[in-house]
Amino acid sequence: MRLENNQKKRRTKWWVALGATVTILAGASLGALSAYNWSPEETIEGLFGTSIQQSFTQKNHEERNIDEDVKEITRTESNEETEEPSAPEDGADDSQTAYPDEPERTPETMEEPIYIKGVLIANKQYPLPTDYAPGEDPEARAAYDEMQAAAAEAGQSLVAFSTFRSYEYQTELYNRYVEQHGQEEADRFSARPGYSEHQTGLGFDIGAEDQEEHWASDSFKDTKEAKWLAENAHQFGFILRYPAGKEHITGYQYESWHFRYLGEELATEIYNSGLTLEEYLGI
Ligand SMILES: [Zn+2]
């Protein structure tokens, strides 16, 4: 009897323990589900919403790197709405590359563009006259065509999707970006009218043919065309104008697609120096 009783007690204890464990586990599961305000739809959203949002955010980040462009095809209205302006990545003091609060010169007061050491300059410190409209530079176009042909022989298919842009066109673009992103953010990827290198006719935005999704997008840097350009453009007179990690010097985020024509000799010299145009010119 005693033995049976003991066995019963042990069995009872075992069942109690099992019951308690099941109850605790069930409670924990319900707790976890209720944390997601569980319902079939919401659980899906709760579990995957974060990653979906992250991928949108990533996409937005890439697409925000559009420079002064054009390529509305890489931007969609729905993505625009979810975008949050981000703080400067490196926390660098960009006072040297921001627009001056009290500028010495403005597009409205400029009569002629400024040349430094023989180089036509357009950046946040050196604007162009509002009526400066030379069109696409023919020498730069000829050099580009030569580069495109050489790239084709190497199996790369290049397209110059944006070259000369007028003051008026830049005004439209910039105003639209300010409306969408706010001025501070827009200033990191889009030039104000009168400050764009595209207005010189010497700035070329280059992409890969039939890969519009990468045009004027951060994702272009990973294409074989971008790698080919980074290594070879100087031989045809072009430099990568806004390199990675130089935003505090150039005033613009890394733009793997934006090239500036300088002629073969100077472009090669700057390429070999590893400097940006601003550093090379000492401005
Ligand atoms: Zn550009």
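The values are calculated or read from the model by the stated rules, or taken from the named source; none is laboratory data. Everything numeric here is computed off the predicted structure, so don't read it as measured data. In this analysis, Cβ positions are derived from the backbone assuming ideal geometry, glycine residues included, and neighbour counts consider all displayed protein chains. Areas reflect the complete protein model, heavy atoms only, side chains present, ligands, DNA and RNA absent. Shrake-Rupley method; radii C 1.70, N 1.55, O 1.52, S 1.80 Å.
Within region 174-201, being at pLDDT 95 or above, under 14 Å from the mean Cα position of the chain (by Cα) and of a type in the set (Phe, Trp, Tyr) holds for one residue alone: Tyr177.
For region 140-176, filtering for residues that are acidic (Asp, Glu) and within 16 Å of the ligand (Cβ to nearest atom) leaves 1. Of all residues in region 122-149, those being more than 16 Å from Pro103 (Cα to Cα) and either open to solvent by less than 10 Å² (accessible area, probe 1.4 Å) or not in a loop (DSSP other than H, G, I, E, B) (or both) number 12.
Here the strands (runs of 3 or more DSSP E) wholly within region 177-283 that include at least 1 residues being within 16 Å of the ligand (Cβ to nearest atom) and either of a type in the set (Lys, Arg) or open to solvent by 50 Å² or more (accessible area, probe 1.4 Å) (or both) are 238-242, 255-261. Can you tell me which residue is farthest from Ser217 (Cα to Cα) among those in region 237-281 that are touching a residue at least 24 places away in the same chain (Cβ under 8 Å) and among the small types (Gly, Ala, Ser)? Within region 237-281, the match that is farthest from Ser217 (Cα to Cα) is Gly263.
Restricting the first member to region 218-236 and to residues that are closer than 13 Å to Ala143 by Cα, and the second to residues that are at pLDDT 95 or above and surrounded by fewer than 18 Cβ atoms within 10 Å (Cβ to Cβ), the beta-carbon pairs closer than 6 Å and six or more apart or on different chains are His234/Thr268; Phe236/Glu146.
Does Glu81 satisfy being open to solvent by 40 Å² or more (accessible area, probe 1.4 Å), over 20 Å from Ile249 (Cβ atoms) and modelled with pLDDT under 95? Against the criterion (open to solvent by 40 Å² or more (accessible area, probe 1.4 Å), over 20 Å from Ile249 (Cβ atoms) and modelled with pLDDT under 95), Glu81 qualifies.
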